[in-house]
Amino acid sequence: MNRRHIGALAAALLLGTTLTACGSDDDPASGDNSGVTLTMLMGVNNIYPEQQRAWFTEVSDKFKAETGASVRFETFASANDELTKIQTSVVAGQGPDVYALGTTFTPTAYATGAFVELKKEDWDKVGGRERFLPATLGISGPDQEHEVGIPFASRPFVMAYNKDLLTAAGIDKPADSWDGLRDQAKQLTKDGTYGLAIGYADGFDPWKFIWAMTTQAGTPVVKDGKAALDSPNTKTAYQAYLGWLATDKVVDPAAVGWKNAQAIAAFGEGKAAYLPMVSASSKVSLDKSKVAGKYAYAVMPTIPPGATSLPSGGVAATSILSGDNVVVAKYSKHKDLALALVKQLTSEESQTSYYKTFGELPTNQAAATALGSDPALAAIVESAGRSASTPFTGGWGQVQLALTNVVVQSIPDLSAGKVDDGKLTGLLGQAQSTAQAALDKAK
Amino acid sequence: MRRSDEVARLLPGPLRALVLTVLLLIVLGPLAYMALASVSSDLAVARGALWPDGFHIDNYAKIWSTTNLGRGLVNSVLVAGAVAVVSAFVALLSAYVLVRYAFRGRIAVLRALLALQSIPGTLLLLPVFVLFASAATALGVTIIGTRWAVLVTYLTFALPFSTWVMVTYLRELPPELDEAARVDGASPWRVLTRVIAPLSWPGLVVSGVFAFLLGWNDVLFASVLTNPDTRTAAVELQIFGASQEGGALPVYGQLMAAALVCAVPVVGLYLVFQRYLVAGLTTGGVR
Amino acid sequence: MFLPGGVLTLLVIGVPLALALYISLLDLDQYSIREWVGAEFIGLDNYVEAVRDSHLVHAIGISIGYSALVTVGCLPIGLAAAVATQDRFKGRGLVRSVLLVPYVLPAFVVGSTWRIIFQPDGVANEVLGTSGLWLNGPRSFWALVIVQLWAGWPLVYLLAAAGLQSLDTTVHEAAALDGAGWWAKLRHVILPQLRGPVSLALVISFLHNVNSFTLPFVLFGVPSPYDVEVLPVLTYVESFQNFEFGLSVAMAVVSLILVAIPMAAYLRAVRLDTGRSRS
């Protein structure tokens, strides 16, 4: 086969796809929309499956009453599913009109250029930019003029602790520094219970710890397009994180094989005093476990390892900015309707009811303020306000993977009860070059 | 019948019992674990407990409402069944040509069929999606989201293998058979349907079963090419394994229950097709 | 009248494959995917990068190594199962079906189950009396072999069983007349007849393992531990996590070529494609 033929074939195909993209008939949100169906893609919720289906119907009915158009929901099962779906839709120029994306995917979505950048009038159509909690807008775009993501749900990370175990050890409140947490964990480790439950084999947890510690130390892993994975602070962070199991012995040795789920299970069994890096959705599992009623949430430490106070330049971030952003596809033939749907989803009323059904925090300022007064939620709401966003670069996915890879490749050593300094340095060097190469490609 | 059984015996009784016991242990060990897990709580499974911490048989009731497993099963049977029938039939046609007619490039075609087995699914995902999207625009019809989309995609992967299986089986049939029929004045079509097809049941069943399994187990393509109404059971099943970000456990108990439920139709299907495999044997014995 | 089959086969396979090959020559990433035909044509650069700067060679080694081991391991188990279920006995139908179950379970269910079994404090260590890691480090390679073997052997069994069933009964009769013992009969009369279907099963099993994505992905997660960094997971990560589509497709093409070479040699050796070996 010669190249020109393939090229011609490809061009013919492109013609087909662009026709889809161009054949748009921009419907205004008002006017006759009967018969129009918007498609929205979002994550499946298998903890509340029936509630989610009911919510889909409710949203569609309400939207129909207001605009005449109905909404069809499609769901994805995992982050990988989500990415596959986005990519195929982007390349084919057809698919859902509206997507609910995890916040850390927003830079990737932005990089494809396939989603609507929100101008002033677009923000107005969703009820105004000012209706959202300022912190939740932190990862909507590279800057305020180029935002694609509209905050929809907030899921900040916190730490669960076993109140009984802490009381028994005479600890009155969780530490606010990572070193303090380690010392408390040592005190709490005895008779088959451990101070911390950590999912070392999780595909996402490890980088969140390293990101938090380095951000707090004032040397974030990525700054101004430069990676700093080989900085001394990054190494200290890894040593602290891996050291909990290897040298401090405050984590169950079996945790080298744990994902987040197994860490939650161990905490739920009452076999660990602290469970860092969970969101409010862990409540569902924990309330069914042995520790139901015996645990509480607190914000994670904000003072980096090796320090007793926040270093200058350090950011006291309690969590990555986490949750869902909504984006509207450029190929959508019904942009105004899509924005009207987003407006409906982010209203104070919808957001409050969404929280009550699914336990995910509102991004709507008025709804969030109303919730802040609930003491059970205090820590989570506090963490929402003190979250910091991960760097807005299309290369972030690769940086994240490089950070996690260091932990994955350290696990054999970890299992043997050591953190090999030379090997760690080598892995960090590799991670640094991978991350920097990805950042250099970013446009 | 009994006597020919005796003659056809392959293994002494005790040895056969030993082999089967070992094999069943290997197979059933992990399956028993799945069965236990399917009546355990999600926490117990996540913890890796061997024995259930209670008997949560309601997992088997819940799976029908957690996702649309029922509709998924129907879709899977429709899609996988169609793939099985179409690919077995098309494979029979192609294989007949490849076996009985000498033409230039025949060996190359045969080798290519096997080489095609080495194409990874991830390689074709984007191209397939783009093709369907453009074809849909050109023809003014919807393709993505319909069962046709997955059907055609699975044929891509099923046909080379099915054709190979049929080539292997048709080769076993003596050419004199269809030559005799042709001499009697039968058309090639008649030879194929009246002489060849009845003699190649085992091959047809095997290639059909494989094509069926391919459609039954695929998640990669089905998750992108289907919509909520046409989703297959495998995609529905995957949803059980999803965990809510940053916390809540996957519904492990229900996942195991649903997986076992999904295995039942395939096992049943095989039980049914046994008869045809045996029928193939008897037909073969007649000649 | 035989044309439709050929045309359909060519169409559903050839066109997507041609597109994929074209993509492997483009600098296609997340920044250019939306206008993918406009992506810069960079010739063989992706191939150069794949071989020089990625773990491709290592991954191919792992993939081919473990696939070969699994394939060889499947052979005796599958044959034993086919032979043992050939004789009539009560409950044979059920046993035959049960033996297929590992093969019909979706890969990610198999993966999730074995992942739990192989946990450091899981059932595997308890039963084997071992301790420590199975899903990372040197032993992870063997964990992968074990799980793929468990899930994959019924393929050999199925094809061998179908082959056995299409055997002529006169074969048995001839052997019986000779007064051959069961082993001699099996070794010299029955097994040689199964060469065709079994060789095919081995080829398919090998290729299936080389291309197996879901199982290692679920079992070990991404990023992969170094010892089980198999090819499909590497290409998947490159495509769906790092968004280097061109590079990823180039890797897949390289692997396709590298697998095709030993495959061609094997096909020549067993003469599977010409069918000329038996007379």
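The values are calculated or read from the model by the stated rules, or taken from the named source; none is laboratory data. Because the structure is a prediction, the values reported are computed rather than measured. Positions of Cβ are backbone-derived with ideal geometry, glycine not excepted, and every protein chain shown enters the neighbour counts.
Residue count for the stretch B:134-156 under the criterion of being in a helix (DSSP H, G or I), of a type in the set (A, V, I, L, M, F, W, C) and touching a Ser or Thr at 6+ places or on another chain (Cβ under 9 Å): the result is 4. Please enumerate the residues belonging to the stretch A:254-300 that are of a type in the set (Val, Ile, Thr), crowded, with 23+ Cβ neighbours inside 10 Å and at the interface with chain B (Cβ under 8 Å from one of its Cβ atoms). Result: A:Ile264, A:Val278.
In the stretch A:360-377, which residues are surrounded by fewer than 22 Cβ atoms within 10 Å (Cβ to Cβ) and either aliphatic (A, V, I, L, M) or at pLDDT below 85 (or both)? Selection gives A:Ala366, A:Ala370, A:Leu371, A:Gly372, A:Ser373, A:Asp374, A:Pro375, A:Ala376, A:Leu377. With the condition kept exactly as written, say whether any residue in the stretch B:117-133 is part of a loop (DSSP other than H, G, I, E, B) and at pLDDT below 80. For the stretch B:117-133, residues part of a loop (DSSP other than H, G, I, E, B) and at pLDDT below 80: present.
With respect to the stated conditions, A:Ser89 is farther than 22 Å from B:Thr66 by Cβ and at pLDDT below 90. In the stretch A:47-82, the residue that is nearest to C:Pro223 (Cα to Cα) out of those that are of a type in the set (Phe, Trp, Tyr) and surrounded by fewer than 19 Cβ atoms within 10 Å (Cβ to Cβ) is A:Tyr48. Give the stretch A:392-423 a look and list any residue that's more than 30 Å from A:Ser140 (Cα to Cα), within 7 Å of chain C (Cβ to nearest Cβ) and either touching a strand residue (DSSP E or B) at 6+ places or on another chain (Cβ under 8 Å) or without any contact (Cβ under 8 Å) to a residue 60 or more places away in the chain (or both), or say none. The answer is A:Gln409, A:Pro412. Residues in the stretch B:185-192 include none that are surrounded by 24 or more Cβ atoms within 10 Å (Cβ to Cβ) and in contact (Cβ under 8 Å) with a residue 40 or more places away in the chain. Do the conditions hold for B:Ser200, that is, is it modelled with pLDDT of 80 or more and buried (at least 22 other Cβ atoms within 10 Å of the Cβ)? Answer is yes for this residue.
The single condition among (1) among the hydrophobic types (A, V, I, L, M, F, W, C); (2) at pLDDT below 90; (3) not in a helix (DSSP H, G or I) that A:Val419 does not meet is (2). Please give the number of the condition A:Gly417 fails out of (1) more than 20 Å from the chain's Cα centre (by Cα); (2) on the phi < 0 side of the Ramachandran plot. In the conditions (1) more than 20 Å from the chain's Cα centre (by Cα); (2) on the phi < 0 side of the Ramachandran plot, A:Gly417 misses (2) alone.
Okay, residues lined up against (1) within 14 Å of chain A (Cβ to nearest Cβ); (2) more than 24 Å from the chain's Cα centre (by Cα):
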{"position": "B:Gly121", "(1), (2)": "yes, no"}
{"position": "B:Phe129", "(1), (2)": "yes, no"}
{"position": "B:Ala133", "(1), (2)": "yes, yes"}
{"position": "B:Ile144", "(1), (2)": "yes, no"}
{"position": "B:Ala158", "(1), (2)": "no, no"}
{"position": "B:Met166", "(1), (2)": "no, no"}
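When the stretch C:196-213 is filtered for residues that are within 7 Å of another protein chain (Cβ to nearest Cβ), in a helix (DSSP H, G or I) and of a type outside the set (Gly, Ala, Ser), the ones remaining, listed by number, are C:Pro197, C:Leu200, C:Val203, C:Ile204, C:Leu207, C:Val210. Tell me whether the stretch A:32-46 contains one or more residues that are away from chain B (no Cβ under 14 Å), out of contact with any helix residue (DSSP H, G or I) (no Cβ under 6 Å at 6 or more places or on another chain), surrounded by fewer than 22 Cβ atoms within 10 Å (Cβ to Cβ) and at pLDDT below 85. For the stretch A:32-46, residues away from chain B (no Cβ under 14 Å), out of contact with any helix residue (DSSP H, G or I) (no Cβ under 6 Å at 6 or more places or on another chain), surrounded by fewer than 22 Cβ atoms within 10 Å (Cβ to Cβ) and at pLDDT below 85: present. Filter the stretch C:120-130 down to the residues that are assigned to a loop (DSSP other than H, G, I, E, B) and within 9 Å of another protein chain (Cβ to nearest Cβ), then identify the one that is surrounded by the fewest Cβ atoms within 10 Å (Cβ to Cβ). Taking the candidates together, the pick is C:Asp121. Scanning the stretch B:28-50 finds one or more residues that are more than 30 Å from A:Val284 (Cα to Cα) and surrounded by 13 or more Cβ atoms within 10 Å (Cβ to Cβ). Scanning the stretch A:76-85 for residues that are facing chain B (nearest Cβ under 7 Å) and in a helix (DSSP H, G or I) gives A:Asp81, A:Thr84, A:Lys85. Contact map, the stretch B:51-69: first residue free of Cβ contacts under 8 Å to residues at least 12 places away in the same chain, second residue buried (at least 18 other Cβ atoms within 10 Å of the Cβ), Cβ cut-off under 7 Å, separation 6 or more or different chains; pairs are B:Ser65/A:Pro49. Of the helices (runs of 4 or more DSSP H) lying entirely inside the stretch C:5-119, those containing at least 1 residues that are of a type outside the set (Asp, Glu) and away from chain B (no Cβ under 13 Å) span C:45-53, C:56-84.
Identify all residues within the stretch A:83-114 that are among the aromatic types (Phe, Trp, Tyr) and surrounded by 24 or more Cβ atoms within 10 Å (Cβ to Cβ); write none if there are none. Break it down into steps so the answer makes sense when it comes.
Of the residues in the stretch A:83-114, the ones among the aromatic types (Phe, Trp, Tyr) are A:99, A:105, A:110.
Across the stretch A:83-114, the qualifying residues are A:Tyr99, A:Tyr110.
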